[in-house]
Amino acid sequence: MVEKEEIYRRALEIHRKYEGKIETVPKIPFRGLDDFTYLYSPGVARACEVIEEDPEEAYELTWKSNSIAIVTDGSRTLGLGDIGSLASLPVMEGKALIFKLFGGVDAIPLPINEHDADRFMEIVERISPSFGGINLEDIESPKCFYILEGLKKRLDIPVWHDDQQGTATATLAALFGALDVVGKKLEEVRIAIIGVGAANTATIRLLLESGVPGDNIVAVDSRGIIYRGRDDLTPDSYKTWIANSTNSGGVRGGIRDAMKGADVVIAASMPGPGVIEKEWIGLMNDSPIIFAEANPVPEILPEDAMEAGARIVGTGRSDYPNQVNNSLVFPGIFRGVLTVRAREITDEMAIEAAKALYEHAKPKLNESYIIPRMDELEIHEKVAFRVAEKAVESGIARKELNRKEIRKEIDSVLEKTWKKVRMISDVLSS
């Protein structure tokens, strides 16, 4: 295992050498000055007139059909906290790189120097005509819920908060795989949710929509188990929704009490170790499943969880088995919605993405492989296909393609992207 300080040193060296990780390149052949007659003035004026007459033509005549903006205020950046919009730029560039490599999506990093939620939404709304989708990133809770719902109402293009929906989708996929391995059914297991920030709040929603009874979910925040009538819950709090949707038995207490009699623990709270104690795993049902997703250190170290009796352990880290990572999700999600020009991303589409990941992993499932790895390139195509198909089926696609057409368009974009990436890598490595 490479030491953390060596990773940091090498990462800074690479960033400094290349001055960032992405750039724009032409997507058309250029043969000489005469080409500008058509690519710029005077020919470009006709394309502008056509879009003025019919805004939908922007999808046909510009990059809008394959572009998204990655927007953040830098208030909750990758475990670093509120480091500001400028300091978040390396993360947003990295996100853009993943979008292109695995989804063929042209993603532009756009940190916004604005912490007020309403002004932030206004800025995003004003830049949105240039893009086919918006990816919200690294925005603190509970502001992130307000911004996501607000922009979904304002815009007619997909808006996705990856820290919420992406992590929740990957968690659901991992849960499908883990339950398959231990031989338990989703609708029968009891689940303890540790932490109710962006990721786990979305996870609760997807669990409920996937068939987990609310009675079987007990959620814990920094004040303890959430239950109906808890004195700090206000009518407009998202935690009130959690209280009304889960824990009908009125269980009270802390993490230990939530884990008692549970089959699954899904933790996305504060970095550990020690958030989850080893002895608490012994209070769970047979074949316990532990997802300890905090970074950089899980709520309980996998080796400690296994020693305490856990059958399966997943984390958010790449140096342990069963990495539950939203990078498995967002490239394919956006590839799918851009292919059919969807107006939004629904929870049903996210669940389809989770099923695609699970079905890919199913032939190889075991305790150390419950979810695919990001470098299994075919998963991104599979996620994209299922998401695009669901968008068309749901009536939210501007471009109504059949199954064969969806697959052809997705495969074409991904094949061209990977060919370009190989060519560029060869040039930069020479």
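Read-outs: derived from the displayed coordinates by stated rules, not from any lab. In this text, all values refer to a predicted model and were calculated from it rather than measured experimentally. Because the Cβ atoms are built from the backbone with ideal geometry, glycine has one as well, and the counts that use them run over all protein chains shown.
Okay, here's what the table says:
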| quantity | calculated |
| --- | --- |
| Region 164-430, relative contact order [Cα under 8 Å, separation at least 6], % | 18 percent |
| Over 19 Å between alpha carbons, listed pairs Lys64/Lys390; Lys362/Lys408; Lys64/Lys100; Lys355/Lys420; Lys184/Lys260; Lys100/Lys152 | Lys64/Lys390; Lys362/Lys408; Lys355/Lys420; Lys100/Lys152 |
| FRET efficiency estimate (nearest 0.05) - Cβ-Cβ, Glu415 to Tyr18, R0 25 angstrom | 0.45 |
| Contact order relative to length of region 22-157, as percent, for alpha carbon pairs under 8 angstrom and 6 or more apart | 26 percent |
| Considering only region 190-272, percent of DSSP beta bridges that pair antiparallel, nearest 5 | 20 percent |
| From phi via Karplus (6.51, -1.76, 1.60), per-residue ³J(HN,Hα) for region 12-17 in Hz, x at Gly/Pro | 5, 4, 5, 4, 5, 4 |
| Computed Rg/Rh of region 164-430, alpha carbon atoms with Kirkwood Rh | 1.01 |
| Spatially proximal aspartates and glutamates relative to Lys185 (Cα-Cα < 12 Å; intrachain offsets below 8 disregarded) | Asp263 |
| Most positive-pole-ward Cα, Gly195, Gly250, His380, against dipole of region 164-430 from beta carbon charges | His380 |
| Table column - 3J(HN,Hα) (Hz), region 60-71, Karplus curve with 6.51, -1.76, 1.60, x for Gly and Pro | 8, 10, 9, 6, 3, 5, 9, 10, 9, 9, 9, 10 |
| Cα-based helix-to-principal-axis angle, 117-127 vs the chain, degrees rounded to 10 | 30 degrees |
| Length released on extending from Asp35 to Tyr369, taking residue separation times 0.36 nm less the Cα-Cα span | 115.0 nm |
| Extension gain, Lys153 back to Tyr8 (0.36 nm per residue minus Cα-Cα distance, nm) | 48.2 nm |
| Positive-pole candidate from Ala178, Thr62, Ala45, dipole of the chain, charges at beta carbon | Ala178 |
| Distance between region 159-213 and region 65-139 - C-alpha centres, whole angstrom | 25 Å |
| Furthest towards positive pole of dipole, Val124, Leu328, Gly214, structure part the chain, Cβ charges | Leu328 |
| Cα long-axis angle, helix 330-339 against the chain (0 to 90 degrees, to the nearest 10) | 40 degrees |
| For region 343-407 versus region 268-302, the gap between their alpha-carbon centres in whole angstrom | 29 Å |
